[in-house]
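The values are calculated or read from the model by the stated rules, or taken from the named source; none is laboratory data. From a predicted model like this one, the values you see are computed outputs, not experimental measurements. A quick note on method: Cβ atoms are made from the backbone with ideal geometry, for glycine too, and the neighbour counts reach across all protein chains shown. These area figures cover heavy atoms from the full protein model, side chains too; ligands, DNA and RNA do not enter into them. Shrake-Rupley method; radii C 1.70, N 1.55, O 1.52, S 1.80 Å.
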Amino acid sequence: MSHSSPPVRSDRGVFTRATTVLTTGDTLVHDWYVADGEPEFVLRTADAVEAAGLLPRLDAVLADGPGWHRRATDAVVTRFGDGDPEPAELDDAAHDLVLVTVEVHPGGEVVLHFDDSCGQHFVDGRWPAVRFDETGAVVDVTVEA
């Protein structure tokens with residue numbers, strides 16, 4: 001399969017259309033741009049111009065990375081805990097949940113995906129995702145597989 005999409009370049013790296021090579025040898029081209037790294041950055045669009053337009057939102061999120069991380073991990077504990085969380089629970093989650101992917105969607109929504117570094121909070125193969133609206137407010141916390 002031949003597919004050509006222009007890369008999107010930024011200070012965060014070179015974003016290219018995400019692909020998966022199937023066991024048949026065919027390549028599946030996804031409808032988003034990705035830049036490898038830790039964390040991985042995802043621009044949820046198949047359009048290079050729109051992807052470039054999402055970069056300022058990504059930069060804004062990363063400019064206060066620790067703040068976004070803490071609000072997200074606090075939301076995970078609040079969502080899946082019993083009652084009001086204790087400060088120690090919030091601190092443990094902030095330490096144990098490692099940010100692996102930052103997704104930016106058209107419209108300004110952001111999704112942060114985490115790995116459970118100690119295996120104490122989520123079953124292997126599952127991870128929490130925290131969705132923020134365009135204002136930065138948490139709108140959903142889910143477990144992904």
**Item:** Net charge over other residues, Cβ less than 15 angstrom from the Cβ of Val123 (K, R count +1; D, E count -1)
**Value:** -4
**Item:** the stretch 1-84: C-alpha pair distances exceeding 14 Å, %
**Value:** 69
**Sites His95 and Val14 - FRET efficiency at Förster radius 25 Å, r taken between beta-carbons, to 0.05** = 0.20
**Prompt:** Where Lys and Arg each count +1 and Asp and Glu each count -1, what net charge lies around Gly37 among other residues with Cβ under 13 Å from its Cβ?
**Reply:** -3
**Complete:** Scoring the chain by relative contact order with C-alpha pairs under 8 Å, at least six apart, yields a percentage of 16
**Asked** Mind checking the angle between helix 65-80 and the chain's longest principal axis? C-alpha axes, 0 to 90 degrees, to the nearest 10.
**Response** 60
**Request:** Report, in debye and to the nearest 20, how large the dipole of the stretch 53-145 comes out about its Cα centre when Lys and Arg carry +1 and Asp and Glu carry -1 on their Cβ.
**Result:** 300
**Item:** Scaled radius of gyration (Cα, divided by 2.2 N^0.38 Å) that the chain gives
**Value:** 1.13
**Prompt:** How far apart, in nm, are two points set 7 Å out from the Cα along the Cα-to-Cβ line at Ala137 and at Phe80?
**Reply:** 2.5
**Prompt:** Each label point is 7 Å from the Cα along the Cα-to-Cβ direction; what then is the distance between the points at Val29 and Asp59, in nm?
**Reply:** 2.8
**Asked** For the chain, which whole percent of the accessible surface, found with a 1.4 angstrom probe, sits on carbon and sulfur atoms?
**Response** 50
**Complete:** 1/(1 + (r/R0)^6) with r = Cβ-Cβ of Arg70 and Val123, R0 = 22 Å, i.e. FRET efficiency to nearest 0.05, evaluates to 0.40
